[in-house]
Amino acid sequence: MAILTIGVVPLAGVLPLLTEHIREEQIAHISLLGEMTPDEVMAEYAVGDGEKGLLTLLSNNQLVMVSRQKIERDVRSAIAMLDRQHYDVILLLSSEQLTGFTTHHAILLEPQRIIPPLVASIVDGHQVGVIVPVEEIMPMQRQSALAGKVPYYALANRLPAATASY
């Protein structure tokens, strides 16, 4: 199994769930921007004229806006590479709604395609609360709200040192 992230994503909450069924050494974590310096990220992924932005967390705990088109291009390449390396499952973790990726061999799990319908089937008309790690992604999450009652959103800032730069 491969976990693909765009920026830095704390996997402490996810790994225990996965390691109940998969040995940790069978899980590879690949971060598109996680090993890059902030200067390298901005040189490669700065938002250009007419491009949409995408918010991500860098290795220095800084939130930055990067080019959505450039990120999607490189996520597509990373997924293709992981697929060629014969990973059975590729889990794409992102707070952004990124879709339209394909694989030939691996099962690609995209949270935005799995979680909303799953939650909707579980809550069955009840009020939903959504906790987000940084305030800046609340508007993005509201755009992809579940059908039915509009969820309540709250901030659980798990990234106290995070600073925005966009």
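The values are calculated or read from the model by the stated rules, or taken from the named source; none is laboratory data. Worth saying up front: this structure is predicted, and the values here are computed from it rather than measured. So basically every Cβ, Gly included, is an ideal-geometry build from the backbone, and we count neighbours across all protein chains shown.
Residues in the range 1-23 that are of a type outside the set (S, T, Y) and free of Cβ contacts under 8 Å to residues at least 12 places away in the same chain: A12, G13, P16, L17, E20, H21, R23. Determine whether the range 41-54 contains at least one residue that is within 15 Å of L98 (Cβ to Cβ), in contact with a His (Cβ under 9 Å, 6 or more places away or on another chain) and in a loop (DSSP other than H, G, I, E, B). Within the range 41-54, not a single residue is within 15 Å of L98 (Cβ to Cβ), in contact with a His (Cβ under 9 Å, 6 or more places away or on another chain) and in a loop (DSSP other than H, G, I, E, B).
Being under 17 Å from the mean Cα position of the chain (by Cα) and closer than 23 Å to E135 by Cα is the requirement here; does S77 meet it? The answer is no for S77. Taken over the range 29-47, the criterion of being surrounded by fewer than 16 Cβ atoms within 10 Å (Cβ to Cβ) and at pLDDT 95 or above is satisfied by T37, P38, D39, E40, A43, E44, A46. Residues in the range 54-75 include at least one that is hydrophobic (A, V, I, L, M, F, W, C), in contact with a helix residue (DSSP H, G or I) (Cβ under 6 Å, 6 or more places away or on another chain), at pLDDT 90 or above and within 21 Å of L108 (Cβ to Cβ). The set of residues from the range 84-95 being in a loop (DSSP other than H, G, I, E, B), crowded, with 17+ Cβ neighbours inside 10 Å and touching a residue at least 60 places away in the same chain (Cβ under 8 Å) comprises Y87, S94. For I79, the stated conditions do not hold, so it cannot be described as surrounded by 13 or more Cβ atoms within 10 Å (Cβ to Cβ), in contact (Cβ under 8 Å) with a residue 60 or more places away in the chain and part of a strand (DSSP E or B).
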